[in-house]
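Values in this text are rule-based calculations from the coordinates and carry no lab data. If you're wondering where the values come from, they're calculated on a predicted model, not measured in any experiment. In this analysis, Cβ positions are derived from the backbone assuming ideal geometry, glycine residues included, and neighbour counts consider all displayed protein chains.
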Amino acid sequence: MVERTDEMKALLLKLKEETLKEINKSIKSTSELPSGDPSGDIYDQASSERDRELGLLLSDREREKLRNIDEALLRIQEGEYGICEECGCDIPLGRLKVVPFAHYCVKCKEDIEKMQAQTKRFEEERTYSEIPVSDEDDM
């Protein structure tokens with residue numbers, strides 16, 4: 001178990017380093033984009049704005065990934081790494097190598113995703129059922 005933890009800690013630290021490099025690269029490229037050059041046409045301005053938004057979105061994803069990595073490193077330190085937060089079983093090493101900051105085993109993650117999909121579908125159906133339908137006869 002100690003070897004497994006050491007191997008995963010090394011993997012997480014490497015992933016953290018790579019993620020930090022990506023965040024810095026994203027921040028640097030976003031800051032180098034021209035900011036709404038008034039001399040460009042509307043399409044150039046829209047393209048620049050889209051590129052800036054995409055850069056920020058990617059940066060947010062990278063920050064989330066970094067947060068997950070830090071949480072996994074903390075779980076290693078506390079001796080809770082590799083244990084499914086839902087069922088308490090060991091998360092297989094193969095899963096941890098693919099998703100080293102996994103919180104759940106595959107079965108529990110699938111169950112959670114199914115529940116989230118059902119909840120989302122229910123919310124969407126409820127939202128659509130609340131939209132009033134107007135009859136053309138009323139016009």
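Close amide H pairs (under 5 Å, H built 1.01 Å from N) link Cys89 with Cys84, residues at least 5 positions away or on another chain. Ranking Leu15, Pro132, Ser26 by how far each Cα lies toward the positive end of the dipole of the stretch 2-132 (charges on Cβ) leaves Leu15 at the top. Put simply, when 117-125, 16-24, 64-72 are sorted by average Cβ atoms within 10 angstrom per residue, most first, you get 64-72, 16-24, 117-125.
Find out how many positive minus negative residues lie around Tyr81, taking Lys and Arg as positive, Asp and Glu as negative, among other residues whose Cβ is under 14 Å from that of Tyr81.
Local charge sum for Tyr81: -4.
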